[in-house]
Each structure stands twice: as structure tokens, then as C-alpha cells.
Amino acid sequence: MSNRQATAHSNPELKKTAVGVGLRSEHYQNVLEQTPALDFLEVHSENFFADAGIAVDLLQEVSASTPISLHGTSAGLGSVEAVPDDYLKKLKRLVDRVDPILVSDHLCFTWARIGGRLFHGGDLLPIPFTEDSLRHAVNNIDRIQQYLGRQIAIENVCAYIEYDQSDFDEASFLGEIVARTQCGLILDINNLMVNARNGQVSNLENFVDRYVESLDYSAITEIHLAGSTPVGDEELLIDDHARPVSEAGWQIYQRVLNAVGPRPTLIEWDNNLPSWRELLGEASKARKAQRQVLRRERSL
Amino acid sequence: MNLSDYQAHFLQFLFGATSEPVLPNSEVYRFGVEVKAVRALEQSYPTVRALVGPADFEGLALDYFQMIRKQSGDWSDFGWGFPSWIISNRISDRVPYLSDVARLDNYIGRVERSQYEEVNVDSFAVIGEDLASCSLILNKGLQFFRSMYPVVSIWEAHKSETPKDTLSFAQAKRMIARGRGQNALIYRAGWKGMAELIPEKDLLLLESVRNQRSIAEVFGEDVLKDTSFTHWLQDMIAKGVIVGAKAIH
């Protein structure tokens with residue numbers, strides 16, 4: 001492994017108070033008509049894997065005026081199978097095209113071989129936090145970082161299933177990965193809250209505090225915020241990114257910022273999309289929370 | 001079960017190959033993936049969905065997902081084989097033109113995702129006296145095909161919220177009753193893929209151009225004196241269908 005080599009690529013760094021939103025096709029026109037007052041726009045990498053075409057042209061045009069964060073949903077970093085070459089080639093081509101400020105994906109598995117053929121699960125499938133999983137995740141992250149010649153960041157995911165065995169808790173597992181690969185961390189606050197709620201955690205604030213305290217603050221490169229939806233008599237909370245950030249979400253965000261300091265923050269909204277204006281309103285709330293922390297830091 | 005077997009088993013559960021969940025709540029993922037599969041096909045095949053209705057479309061999409069499964073990380077890649085697969089589905093007995101309509105939707109998606117060449121105006125200077133030694137260049141990004149059904153009218157009608165109120169719908173109905181088909185040209189207009197009806201003669205011309213036959217072979221030695229050729233060429237250049245000319249032999 002060559003971590004130094006993997007992280008040698010110097011990308012323009014985002015300021016710690018940067019705020020961005022996820023750009024989805026419904027809002028392309030808004031962004032083309034007027035450059036948004038945002039520090040960055042996030043897109044799902046795989047949506048721009050085509051050889052060429054309208055989406056690719058559009059992203060290149062947008063990236064000329066607004067920095068882009070490439071957030072993958074399909075690499076399957078926790079898969080036993082290595083991330084396929086074809087996937088890596090497409091990701092590299094996209095990275096070369098838009099020169100993103102961040103490349104990231106999720107700590108989950110997606111690839112598996114059935115009857116000798118490789119298939120993709122199409123979702124963010126949780127992994128057990130075992131030594132075996134750790135080995136595969138580290139191999140895949142190393143492989144991507146070396147292929148791209150730059151650091152990537154990994155995000156904690158929602159888990160609706162619980163494994164019988166684990167050698168680590170999630171935060172320690174992430175810590176081990178960071179230590180072994182020098183990758184960055186995306187702290188998804190909504191995912192933390194969904195897992196706490198579905199795991200029937202009685203004190204959310206304590207849960208988050210303990211989780212965040214276990215992380216290497218310097219590795220946290222971005223924070224994600226989103227809304228979630230209760231289903232089945234509210235027994236289960238689903239991370240569907242279909243609502244605004246909840247009041248509790250904003251409170252936890254503020255709490256995390258107070259602990260770790262300002263961090264680039266992304267508002268994710270993928271389903272039941274609001275107007276562009278409403279989405280920018282969510283970004284403004286994140287900005288306000290960042291300012292509050294900055295003021296507090298300066299007054300200390 | 002080792003980790004590799006576990007991950008394979010989980011995917012088999014997602015694809016409906018086993019009903020045995022790996023762990024409690026696994027069905028949350030199966031449901032989520034099925035929703036994504038249906039949505040991906042809805043986006044790629046809007047005319048098919050409009051034709052058969054959301055409920056039948058969902059059934060088709062889920063059958064397709066469970067049979068073909070997902071093999072790449074990109075959801076927009078999922079469903080390239082849908083038009084051929086439809087032929088073997090019983091819905092084709094009821095809606096025999098569905099596969100061709102799916103093909104048209106698919107081609108529109110391809111045009112939107114392909115390298116669309118710019119017109120090289122200067123290259124037309126090679127068209128001189130000797131028409132046997134030069135050929136036109138077709139945009140590699142465009143598509144055209146011949147259908148036994150009025151696919152362009154069906155596509156046009158189903159862009160409307162109320163297809164039955166459109167002239168295209170009436171035309172399609174009439175043509176289906178008479179067993180007549182249409183030729184479709186699919187090209188890119190600005191940010192969108194478009195389909196257009198073309199006469200058989202134009203389709204034959206485009207096929208000949210694609211096969212790199214000389215202008216003289218395709219259009220005849222005296223074509224430059226024919227104003228209808230000039231108009232045809234101007235129209236094809238304006239749509240980005242013909243993007244240049246080149247010397248051959």
C-alpha cells in the first residue's frame with residue numbers, strides 16, 4: 001500500500017465552512033440559469049458514468065463555475081469482491097473530467113459473485129464490523145485511492161439489519177479504516193440518527209457524543225444532512241432523503257459542530273424533491289449553524 | 001457461512017432467487033432495490049410505461065429485474081436489454097408493438113448518452129466534381145430504424161398527459177388497424193433526444209451513407225443539380241444527422 005502516493009494529489013481544499021447541496025436532474029435547469037450561491041454541488045458519480053452525452057456535458061459546464069463533489073453509491077467498498085476494473089475506469093474518467101473537490105462513497109457492500117458471475121446489489125448493504133470485513137474494505141479503499149491517485153472519503157451508512165457478531169463498534173471500525181488507508185470520513189448525521197432510532201437507543205445525544213468522540217476529528221472531511229421517513233406504524237425510520245432535515249437533525253448537527261468544529265456540509269435530498277429555492281433554504285440553515293460555531297470559537 | 005457466501009446469499013435474496021432472508025429486516029433492502037429498479041426502467045422507458053400503465057409496468061419491471069438482475073453500478077445502465085426481453089413476455093401478445101416502442105425509448109436514451117458529433121462545415125469542400133470519390137459522414141451518435149408499427153406516432157402521442165386526445169394517437173390507431181409501420185430517426189435536439197418520422201427513401205439513404213457509399217452511388221451523378229437533394233442535406237446538417245463529408249478510395 002502506498003498511502004503517501006495515494007494522497008499526493010493536491011486538490012483545491014474546501015473551506016471548513018463550505019456548504020453545498022445535492023444536484024439532481026430536476027434542478028439542472030436552475031443551476032444552468034444562475035450559478036448558485038453555494039460552495040459546492042454534490043452529484044452521484046454513477047449518474048455521469050456514460051461515455052458522453054447530455055448529462056456529462058451538463059456536469060462539465062456546471063463544474064466550470066461551481067466546485068463538484070463526486071459522491072458514489074455503487075463502489076461497494078465492503079464487498080469481498082474487488083471493485084471491478086470497469087467501475088474504476090469510469091470513475092477515473094469522471095474525476096479527470098470534472099476535477100472534483102471530493103471523491104467519496106459508502107462503507108457498505110454491493111458486489112457479489114453468484115454462479116461465477118458478478119452482480120451488483122443496487123443498494124447500500126451493511127457489512128459486519130469484523131476483522132474479515134475490515135480487510136476487504138481496506139483493500140478496496142486502497143485500490144481506489146491508488147487507481148485515482150488521490151484520497152477518497154467514506155461514509156457511515158444506515159443499517160436496517162443487525163449482525164450477530166462484530167469485533168468493533170462502527171466508530172472504531174471507521175477509525176481502523178482511516179488509520180490503515182488514510183482515507184477521509186463523511187459523517188452522515190441522518191444515518192447515525194436513523195440507526196439510533198431503529199436500534200431503540202434511549203438517549204440520542206449520548207449515543208452521538210460517544211460515536212463522535214471515538215472518531216479522529218481530523219479525518220472528518222464532510223458532514224451530511226438529510227431527512228428520513230417513518231414507516232410501518234413508525235416502527236422503522238427509513239433514510240430516504242425525501243424530507244427536510246428534522247428539528248432534531250439540526251440540533252444534533254449543531255452538537256457535532258460544537259464538538260468537532262466547522263466542517264464542509266452537504267444537504268442531501270433525493271426523493272420528493274423540493275423547489276430549488278427550498279433546497280437553498282436548507283443550505284442557509286447549515287450556514288447559520290456554522291457561523292454560530294465560528295462565533296463561539298472566536299469568543300473563546 | 002463465510003463473508004463471501006453471505007454477500008452472495010444476500011444478493012440472491014434481493015433478486016428474489018431465494019425467499020430465505022439472511023437476517024431480520026432484510027426485506028427492507030429487497031423492497032428498496034425493487035423500487036429503484038422500477039424507477040430506473042420508468043426513466044428509461046417512459047413511453048412503455050405510459051402505454052401499459054403504472055401497475056403493469058411495475059410488474060414488467062420487477063419480472064425483468066428478477067430475471068436479468070443488475071450487473072453494473074450504474075442504474076441508468078440497467079435495462080438496456082428490456083426491448084428484446086419484452087418480446088418473450090406475454091404482454092407482447094396483447095401489445096405486439098411494445099418491444100418496438102421500448103426500442104425507440106432505448107434509442108432516445110442512447111442518443112442522450114452518446115458522443116454527439118459537431119458538424120464540420122469545412123469538410124463539405126471535398127464535394128467537388130467527382131462525386132464517386134467522396135461520401136457524407138453520418139453522426140455516430142444518432143439512431144434510426146424501421147418498425148412494423150407506427151412507433152413515432154405512439155411515442156409522440158404518449159408525450160401528452162392525455163394521449164387519446166392527440167392527432168398522433170388517432171394516426172397510430174389507424175395505422176395499426178391497417179398494419180402499417182413507420183421509420184424512426186432519433187437525434188439530439190439541444191439537451192434532449194428526439195424522434196422523427198422519416199420516409200423509406202430517407203432511411204435507405206441514411207443506411208447507404210452509414211455504409212460509406214459514395215455520394216454518386218447513393219444519390220446519382222447529377223445530384224448537385226437537384227434542389228431537393230440540397231434541401232435534404234441542409235435539413236440533415238441542421239439536425240446534426242450528417243456532420244461532414246470525406247474523400248474515399
Suppose the filter is away from chain B (no Cβ under 12 Å), within 23 Å of B:Arg39 (Cα to Cα) and modelled with pLDDT of 95 or more; does A:His120 pass it?
no
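Given the criterion away from every other protein chain (no Cβ under 13 Å) and in contact with a Leu (Cβ under 8 Å, 6 or more places away or on another chain), identify the matching residue among B:Val38, B:Val48.
Result of the check over B:Val38, B:Val48: B:Val48.
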For residues that are among the charged types (D, E, K, R) and away from chain B (no Cβ under 14 Å), tally how many sit in the stretch A:141-169.
5
Across the stretch A:238-264, what is the number of residues that are without any contact (Cβ under 8 Å) to a residue 40 or more places away in the chain and of a type in the set (Lys, Arg)?
1
The stretch B:83-121 - residue that is assigned to a loop (DSSP other than H, G, I, E, B) and of a type in the set (Lys, Arg) and, of those, nearest to the other protein chains (Cβ to nearest Cβ)
B:Arg113
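For the stretch B:68-82, name all the residues that are away from chain A (no Cβ under 14 Å) and surrounded by fewer than 19 Cβ atoms within 10 Å (Cβ to Cβ).
Passing the criteria: only B:Gly81.
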Single match in B:Val151, B:Val126 (criterion: touching a residue at least 60 places away in the same chain (Cβ under 8 Å) and more than 26 Å from A:Phe49 (Cβ to Cβ))
B:Val126
I'd like to verify a number: residues in the stretch B:177-190 that are free of Cβ contacts under 8 Å to residues at least 24 places away in the same chain and within 14 Å of chain A (Cβ to nearest Cβ), how many?
1
Within the stretch B:160-195, take every residue that is in a strand (DSSP E or B) and of a type in the set (Gly, Ala, Ser) and give me the one that is farthest from B:Gly53 (Cα to Cα).
B:Ala189
Filter the stretch B:1-16 down to residues that are within 8 Å of chain A (Cβ to nearest Cβ) and hydrophobic (A, V, I, L, M, F, W, C) and give me whichever is nearest to the chain's Cα centre (by Cα).
B:Phe15
Count, please, the residues in the stretch A:16-66 that happen to be part of a loop (DSSP other than H, G, I, E, B) and within 13 Å of chain B (Cβ to nearest Cβ).
6
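The values are calculated or read from the model by the stated rules, or taken from the named source; none is laboratory data. Treat the numbers as computed from the prediction; the structure is a model and nothing was measured. Every residue, glycine among them, receives a Cβ derived from its backbone with ideal geometry; neighbour counts consider all protein chains shown.
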